[in-house]
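The structure appears right after this line, and notes come after that.
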Amino acid sequence: MSRSNSKDQELRDRAAVVIPGGMYGHQSVGLVPDGYPQFFSKAEGARLWDADGQVYIDYMCAYGPNLLGYTHPGVNAAYVRQLEIGDTMTGPAGVMVDLAEQFVSMVSHADWAMFCKNGTDATSMAMVIARAHTGRKTIILAKGAYHGSAPWCTPRPAGITPQDRANQIYCDYNDIASLEAAVAQAGDDLAAVFAAPFKHDAFVDQALPDPAYARRARELCDQTGALLVVDDVRAGFRIARDCSWSVVGVKPDLSTWGKCIANGHPISALLGADKARAAASKIYVTGSYWYQAAPMAAAVETLRILRDSDYLERLVSLGNRLRNGLAERAGAAGFSMRQTGPVQMPLFLFDEDPDLRKGFAWSSAMLERGIYVHPWHNMFLCAAMTEADIDQTLAAAEGAFKHLAGVAPTLGPVEKLAAFFH
Ligand SMILES: Cc1ncc(COP(=O)(O)O)c(C=O)c1O
């Protein structure tokens with residue numbers, strides 16, 4: 001088992017000259033274990049090929065956009081059909097209205113839809129609409145939650161001023177008292193409460209939403225006139241065929257979507273209730289590529305498949321097979337690995353691993369065995385995975401646990417990561 005990385009290294013060397021830091025954002029150099037490929041050459045179904053041609057079962061799914069399998073033939077055919085007819089034009093194609101109608105028919109809180117490109121566009125629009133709707137400034141966010149890379153929400157402080165982050169109050173996710181305290185602190189200036197569909201922060205165990213917390217967030221917004229925003233950019237359609245908080249019976253006023261809604265083609269969405277329609281029609285938001293028709297056609301086909309197929313039930317069944325199999329193999333090898341979050345979006349952290357040495361070493365051993373996992377970020381299953389893929393993953397895991405037992409991991413990745421975020 002020895003992987004080659006000569007093409008990857010050559011690309012890294014060239015990138016170091018012409019791309020700041022060699023790469024940026026969540027792809028920045030050094031965020032995954034040494035030896036992980038930076039560059040990829042191909043992706044199909046559940047599999048990903050690195051620049052040197054080695055193939056992996058991919059549990060990152062492009063950090064979310066791949067839901068039905070890479071290069072899905074039906075979705076891509078819809079994309080190409082529209083691309084050949086007209087894509088970026090002087091105005092939108094009719095497919096924009098089809099897509100808005102389809103979203104409104106699937107997502108129960110939504111009466112209208114707006115489309116943009118990235119999740120950050122959608123979350124930033126939600127913030128602006130909430131302020132336009134209420135005439136107030138303050139937004140409440142959960143500590144550690146990720147809502148994008150704009151100055152108001154980026155996790156890295158370089159270049160960001162206190163003014164960019166003004167009018168924000170932080171609470172603890174799933175902690176009603178902390179949410180109530182934040183609402184009290186906002187006084188008569190509360191514009192919005194943002195909520196992740198579940199706690200899917202990096203580096204820490206994930207937590208499902210406490211229904212009582214979600215209901216209290218709804219009540220507090222109703223009492224104060226603020227808007228409730230569910231940020232479904234990452235989890236949307238991986239938890240439900242509706243907004244993810246439909247599983248706890250709470251309807252937000254706004255929800256933000258992105259990542260997988262066109263199975264990898266570039267489009268995101270903001271959905272809203274009638275209450276916020278007037279404010280949404282008053283703000284100025286746009287982009288040169290926001291009306292691109294081909295990703296909209298891909299989204300229409302993706303949503304049709306989500307509505308008509310058993311993709312979600314398959315994801316859950318595969319996720320349970322993975323979780324149970326890993327727990328068994330970790331236990332047999334004498335490791336205690338915490339698997340948190342919904343089974344279809346798992347995060348793995350080892351007990352007694354404060355600086356992630358075990359997690360990094362185990363992930364590297366998985367990569368060596370053809371499985372791409374992440375040591376500190378939640379992962380994603382896709383509907384192109386099969387039971388055989390899960391079993392291949394479990395066989396690799398058995399080897400990776402054995403490897404971990406025999407080698408004292410020497411990496412100290414946490415200091416490097418801490419330096420990145422501060
Ligand atoms: C919950 C959540 N919100 C917003 C975003 C921002 O999306 P994008 O990277 O497409 O701008 C992300 C991206 O990971 C996300 O996970």
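Bear in mind that the values in this text are calculations on the coordinates, not laboratory data. The structure displayed is predicted, hence computed values, not measured ones. Here the Cβ positions follow ideal geometry from the backbone for every residue, glycine too, while neighbour counts run over all protein chains shown.
Grouping the Cα pair distances of region 1-153 into 10 Å bins from zero gives a pair-distance distribution of 8, 23, 31, 26, 11, 1, 0 percent in increasing distance order.
Under 29 Å of direct C-alpha separation, and excluding same-chain neighbours fewer than eight residues apart, K416 reaches these lysines: K7, K143, K199, K259, K358, K402. Helices in the chain, meaning DSSP H runs of at least 4 residues, each add -39500 (n - 2.57). Divided by all residues, the mean residue ellipticity at 222 nm is -12500 deg cm²/dmol.
Descending by average beta-carbon neighbour count within 10 Å, the peptides 74-82, 343-351 line up as 343-351, 74-82, the highest first.
From largest to smallest, the equivalent ellipsoid semi-axes obtained for the chain from the alpha-carbon gyration tensor read 34, 26, 21 Å.
Once the C-beta distance of K282 and S317 is scaled by a Förster radius of 45 Å, the resulting FRET efficiency is 0.50 to the nearest 0.05. Expressed in units of 2.2 N^0.38 Å, where N is the residue count, the Cα radius of gyration of region 73-308 is 1.00.
Translational diffusion coefficient of region 107-202 (Stokes-Einstein, Kirkwood radius from Cα pairs, 25 °C, 0.890 mPa s): 171 µm²/s.
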